[in-house]
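First up is the structure itself, then whatever we jot down about it.
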Amino acid sequence: MKTIIIQGSSRSNGNTSKIVGILRERMKCELIDLNSYLISQYNYEHKNRNDDFLKLMRKIVEYDLIIFATPVYWYSMSGLMKTFFDRVTDCLKIEKETGRKLRGKYMAAISCGSDGIETEGFFVPFKNSAEYLGMTYVGNLHTWIESDSPTENVLKLIAAFKRKLEEGMGHLLD
Ligand SMILES: Cc1cc2nc3c(=O)[nH]c(=O)nc-3n(C[C@H](O)[C@H](O)[C@H](O)COP(=O)(O)O)c2cc1C
């Protein structure tokens, strides 16, 4: 199973990256750090078609499972990640062949906040976007880092999440 994590934090080596790092120690997956690419706001005239978005998307659609990892910023996904989703619209308008490749793929999502309280409805945009794009949503996980590193509890949640993904996608495991 080819897996890629799309990290959407405004700092490449912050808390979300720590969670992503822990998952990557347990699970073979590539990483795209949106913070190191130029992806501008959605443009109705597609004047930004030459920024990094479409190039990245052509790579992403080659994976079976796409895991979005975002910090919680104002009860919601980060602006970086929201812009990424807005730009997926490009794949429905000007590069449909890339958009079509998302059909039948799998999506999961991870949030990283400052405490264990999961914002109501946080994962609804991920779930609904997966459905709209013809993808199968295989689950989500809320994590948090209160001081420097995740608690034992969060580590257990990550391990359980990994098992859940593998169970749900057993037919695709290498
Ligand atoms: C702009 C901004 C908004 C935030 N809003 C929330 C929030 O609504 N709820 C929450 O639990 N934490 C909030 N936080 C804290 C972050 O979610 C938390 O520190 C997270 O672990 C940061 O991950 P990062 O280092 O990858 O950015 C916010 C932090 C920032 C910078």
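Could you check how many percent of all C-alpha pairs in the chain are farther apart than 22 Å? Value for the chain: 41 percent of Cα pairs lie more than 22 Å apart.
Among the chymotrypsin sites (Phe, Trp or Tyr not before Pro) found in the range 126-167, not one is both in a DSSP coil and sparsely packed, with 13 or fewer other Cβ atoms within 10 Å of its Cβ. The label point for LEU31 and the one for LYS96, both projected 7 Å from the Cα toward the Cβ, are 3.7 nm apart. Along its first, second and third principal axes, ordered by size, the range 103-164 spans 39, 24, 15 Å in Cα coordinates. Of the chymotrypsin sites (Phe, Trp or Tyr not before Pro) in the range 1-87, which ones lie in a loop per DSSP and count no more than 14 other C-beta atoms within 10 Å? Counting only loop positions with at most 14 other Cβ atoms within 10 Å, the chymotrypsin sites (Phe, Trp or Tyr not before Pro) in the range 1-87 are TYR37, TYR44, TRP74, TYR75. Counted without the sites themselves, the longest stretch of the chain free of GluC sites (Glu not before Pro) in a DSSP loop having at most 15 other beta carbon atoms within 10 Å is 63-119.
Between the Cα long axis of helix 152-168 and the first principal axis of the chain there is an angle of about 50°, rounded to the nearest 10.
Between helix 15-26 and the chain there is an angle of about 80 degrees, using the helix long axis and the longest principal axis of the Cα atoms.
Within a straight-line Cα-Cα reach of under 26 Å, LYS28 can be paired with the following lysines, leaving aside sequence neighbours fewer than 8 residues apart in one chain: LYS2, LYS18, LYS55, LYS59, LYS82, LYS101, LYS105, LYS127, LYS156, LYS162, LYS164.
Restricting to Cα pairs below 8 Å that are 6+ residues apart, what does the relative contact order work out to for the chain? Please round to a whole percent.
Numbers: 274 pairs, mean separation 42.1, N = 174.
RCO, the chain: 24 percent.
Once backbone amide H atoms are built at 1.01 Å from N, VAL138 has MET107, ALA108 as its partners under 5 Å, excluding neighbours fewer than 5 places away on the same chain.
Annotation note: trypsin sites (Lys or Arg not before Pro) in the range 64-164 located in DSSP loop regions with a Cβ neighbour count of at most 13 within 10 Å are ARG103.
Only the coordinates and a few stated rules stand behind these numbers; no lab work does. Quantities reported herein were computed from a predicted structural model and do not represent experimental measurements. All Cβ positions, glycine included, derive from the backbone under ideal geometry; neighbour counts span all protein chains shown.
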